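For reference, the structure discussed in these notes is given below.
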Amino acid sequence: MIKSLIFDFDGTLADTNEAIVRTFQETFRSMGMPVPTRERVTSTIGLALRDGLKAGMDNLSEEDADEAMIRYRRFFNDIAIPVTKPFPDAQETLRRLCEQGYHLTIATSRSHHSLEILAEKIGVAGYFKGMFGAEDVVNHKPAPDLVNLILGKFGFKPEEALVIGDATYDLLMGKGAGCRVCGVTWGNQNREKLATAGPDYIIDSFGELFDILHELK
């Protein structure tokens with residue numbers, strides 16, 4: 001029986017694609033570097049910031065990665081926060097899940113500072129028993145560390161948890177921890193890409209999540 005639902009944030013609960021792409025591109029523009037395409041930036045969403053910046057720019061030195069992180073965080077509030085919004089039905093889904101007794105947490109590669117700001121902005125922060133981010137583990141997605149941390153902290157077994165995310169990084173994280181995993185197609189990766197991680201489920205709407213949970217009772 002599933003008791004714990006572990007959600008990714010970006011691309012799963014919050015539509016942050018425009019926010020991340022704009023901030024990412026402005027970071028490298030301000031450094032006098034080539035501006036990566038939307039498609040390339042999108043492919044990095046779900047990774048920890050430093051990993052994402054390095055994946056989004058060829059041959060980025062460690063020194064430039066340090067500077068890019070500083071600039072990204074400096075630009076974030078002005079560029080990203082105003083254009084971030086919840087996906088349709090996210091708030092209602094979380095409300096219903098809480099009413100049904102599920103234990104909800106967030107496992108993200110985002111920092112606590114930005115996660116707390118954005119979760120409050122889109123009106124979902126109050127539904128979660130815990131929100132866990134980049135500072136909480138040494139090994140980031142797709143490593144299973146975040147999920148293992150959540151399971152251990154709240155006393156759940158892997159078979160009692162379902163990990164839900166829009167990227168292969170999320171699905172591999174959950175599978176590595178021994179949990180069932182569910183990909184969502186409304187975020188940053190399509191069904192074909194999600195399928196490469198071998199998820200237990202792929203859904204196209206929040207409503208389908210209730211069908212899965214009913215099946216797993």
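What to note about this one:
- For GLU208, neighbours were defined as the other residues whose beta-carbon sits under 12 Å from its Cβ, and their charges (Lys and Arg +1, Asp and Glu -1) total -4.
- Spacing of the two label points (7 Å from each Cα toward its C-beta) at GLU215 and GLU62, in nm: 4.7
- Anisotropy class of region 121-214 from Cα gyration tensor, a/c 1.5 cut: rounded
- Taking each residue as 0.36 nm, the span from MET1 to ALA195 lengthens on full extension beyond its C-alpha to C-alpha distance by 67.4 nm.
- Dipole magnitude for the chain: about 200 debye, using +1 per Lys or Arg Cβ and -1 per Asp or Glu Cβ, origin at the Cα centre.
- Sites matching trypsin sites (Lys or Arg not before Pro) across region 60-140 that sit in DSSP coil, with at most 16 neighbouring C-beta atoms within 10 Å: LYS129
- Distance between the modelled labels on ASN77 and SER30, one decimal in nanometres: 1.2 nm (7 Å Cα→Cβ projection).
- Over the chain: helical MRE at 222 nm, DSSP H runs n ≥ 4 each giving -39500 (n - 2.57), nearest 500: -13500 deg cm²/dmol
- Surface share of carbon and sulfur [accessible, 1.4 angstrom probe, percent] for region 11-55: 51
- Rolling a 1.4 Å probe over the heavy atoms of the protein chains gives the chain an accessible area of 44 Å² per residue.
The values are calculated or read from the model by the stated rules, or taken from the named source; none is laboratory data. Since the structure is predicted, the reported quantities are computational estimates derived from the model, not experimental observations. Positions of Cβ are generated from backbone atoms using ideal geometry, with glycine treated the same way; all protein chains shown enter the neighbour counts. Calculation scope for accessible area: heavy atoms of the full protein, side chains included, ligands and nucleic acids excluded. Shrake-Rupley method; radii C 1.70, N 1.55, O 1.52, S 1.80 Å.
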